[in-house]
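Step one of this worksheet: look at the structure below.
The values are calculated or read from the model by the stated rules, or taken from the named source; none is laboratory data. The shown structure was predicted, so the numbers you read here are calculated from the model rather than taken from an experiment. Counting neighbours? That spans all protein chains shown, and the Cβs are built from the backbone with ideal geometry, glycine included.
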Amino acid sequence: MFFGFECSYSMTTIKSLREIAHALDMQLVYGFVPNDGSLDALIEKRATELATKIVLRTNNTMKLEDQGNTNERIKKAIKERADEIKNEMPKILWD
């Protein structure tokens, strides 16, 4: 959050950029761009991280009950869960 000088400085800068854009017969556009380069890559990364956390937690519980899965099955479960997460796009994906 901006306070005092920072807020007025930022707003002045944006106003100046808008004026420059207008003088060049252009429109100022600003936004957020994922570091990975695409929103799809970011969603894939976050969904896989979340799916891995969920699947491994479940697998640990199953190991305690002597019902652990093979690494191959765990990888498959992570991929399936990540696909479900991407389709559902739950809020937790962005937490």
- If you take the residues of region 33-51 that are of a type in the set (Asp, Glu) and without any contact (Cβ under 8 Å) to a residue 12 or more places away in the chain, which of them is nearest to residue 84 (Cα to Cα)? 49
- Query: Can you pull out the residues in region 68-94 that are modelled with pLDDT of 85 or more and farther than 21 Å from residue 40 by Cα?
  - Reply: 69, 70, 71, 72, 73, 74
- Message: Show the residue pairs meeting these rules: Cβ distance below 7 Å; 6+ apart or different chains; first residue within region 67-82 and farther than 13 Å from residue 49 by Cα; second residue β-branched (Val, Ile, Thr) and not in a loop (DSSP other than H, G, I, E, B).
- Response: 74/55
- Query: Which of the residues belonging to region 57-82 are outside any helix (DSSP H, G or I) and either touching a helix residue (DSSP H, G or I) at 6+ places or on another chain (Cβ under 7 Å) or of a type in the set (Asp, Glu) (or both)?
  - Reply: 65, 66, 68, 69
- Task: Go through region 60-87 and count every residue that is on the phi < 0 side of the Ramachandran plot, exposed (fewer than 11 other Cβ atoms within 10 Å of the Cβ) and charged (D, E, K, R).
- Result: 2
